[in-house]
Amino acid sequence: MALTIHRRSQNPELFRTVDHADFDRSWPVFMQHNPTGHLYYGELDTVADYVLLATDGDEPVAKAYSTPFAFGGPGREALPDGGWDEVIRWQHSDRLAGRDRNAATALEIVVRKERQGAGLASVMVNALRDNAFRLGHEVLYAPVRPSRKADEPETPMSEYAFRVRDDGLPYDAWLRVHVRAGGRILKVCPVSMTIPGTLAQWREWTGLPFDTDGPVVVEGALSPVLVSLAQDSAVYVEPNVWVEHRRP
């Protein structure tokens, strides 16, 4: 592969011509309905230095998203248990308030489905790290979504995240990519992403009947979806894992 990494700020038209549907196929449909996401993905021009695209020749093969945010002030002494959702809300309010966004966090890395398994995820983790350091940050945080956790939706993330192999590396492949890139697992963010919907919406997103109360295991979900027939609603609350990448 002859990969080239592009920043959105350098070539915004290239990003606008990408067929994003080719990348969306890498995610379960329900993951595309997080109501907090529009506070970030709807305003990408405001974080254009933090958005990356990898091309192999003329073919877009991977995307990586990150953002700056204000960290360390009152109420922001620790990374939030609200993980992905909360840090997106932070960066959005920081921009509107004109605060100094002194920290950076990764938000998403997505590789085209047909190019997965070829090491592109590792390339993009390193690209986000290097880009954050180039922009003057001493650390890049990431609310990581462990890729194999969906195989064990009922296992507590507090147990799964710290499971290791015989060689001492994380059991989970995606956490392993981060640790090999120099990342350090900090803690679980237990309510990192919340996706509510009506039962009709969840049926459309998953093809499942959603006709019983209580937890429902959904393909691709890291934890069960909680269903209430009486309220005609279901809510998915996803735990993630905060990882820290510090400048060497």
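Taking the options A48, A54, name whichever one is in contact with a Ser or Thr (Cβ under 8 Å, 6 or more places away or on another chain), surrounded by fewer than 16 Cβ atoms within 10 Å (Cβ to Cβ) and modelled with pLDDT of 95 or more.
The match here is A48.
Conditions tested, residue by residue: (1) touching a residue at least 60 places away in the same chain (Cβ under 8 Å); (2) in contact with a Phe, Trp or Tyr (Cβ under 6 Å, 6 or more places away or on another chain); (3) hydrophobic (A, V, I, L, M, F, W, C).
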residue: R180; (1), (2), (3): no, no, no
residue: R184; (1), (2), (3): yes, no, no
residue: L208; (1), (2), (3): no, no, yes
residue: D232; (1), (2), (3): no, no, no
Selection from the range 206-220 of residues that are closer than 28 Å to T105 by Cβ and surrounded by fewer than 20 Cβ atoms within 10 Å (Cβ to Cβ): E219, G220
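Keeping to the range 196-205, report how many residues are open to solvent by less than 60 Å² (accessible area, probe 1.4 Å) and either more than 20 Å from A230 (Cβ to Cβ) or in contact with a Gly (Cβ under 7 Å, 6 or more places away or on another chain) (or both).
Number of matching residues: 1.
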Check on E219, over 16 Å from the mean Cα position of the chain (by Cα) and either touching a residue at least 40 places away in the same chain (Cβ under 8 Å) or assigned to a loop (DSSP other than H, G, I, E, B) (or both): yes
Lone qualifier among T46, T55, T36 - being touching a residue at least 12 places away in the same chain (Cβ under 8 Å), in a strand (DSSP E or B) and among the β-branched types (V, I, T): T55
Search result, residues across the range 77-129 that are in a loop (DSSP other than H, G, I, E, B), open to solvent by 20 Å² or more (accessible area, probe 1.4 Å) and either in contact (Cβ under 8 Å) with a residue 24 or more places away in the chain or among the hydroxyl-bearing types (S, T, Y) (or both): D81, R99, D100, R101, N102, R112, Q116, A118
Subset of the range 146-173 (residues that are in contact with an Asp or Glu (Cβ under 8 Å, 6 or more places away or on another chain) and part of a loop (DSSP other than H, G, I, E, B)): P146, S147, R148, A161, R163
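The values are calculated or read from the model by the stated rules, or taken from the named source; none is laboratory data. This one's a predicted model, so the numbers in the text were calculated from it and none came from an experiment. Using ideal geometry, Cβ is built from the backbone for each residue, glycine included, and neighbour counts are taken over all protein chains shown. For the accessible areas, the whole protein counts, side chains as well, though only heavy atoms, and no ligand, DNA or RNA atoms are used. Shrake-Rupley method; radii C 1.70, N 1.55, O 1.52, S 1.80 Å.
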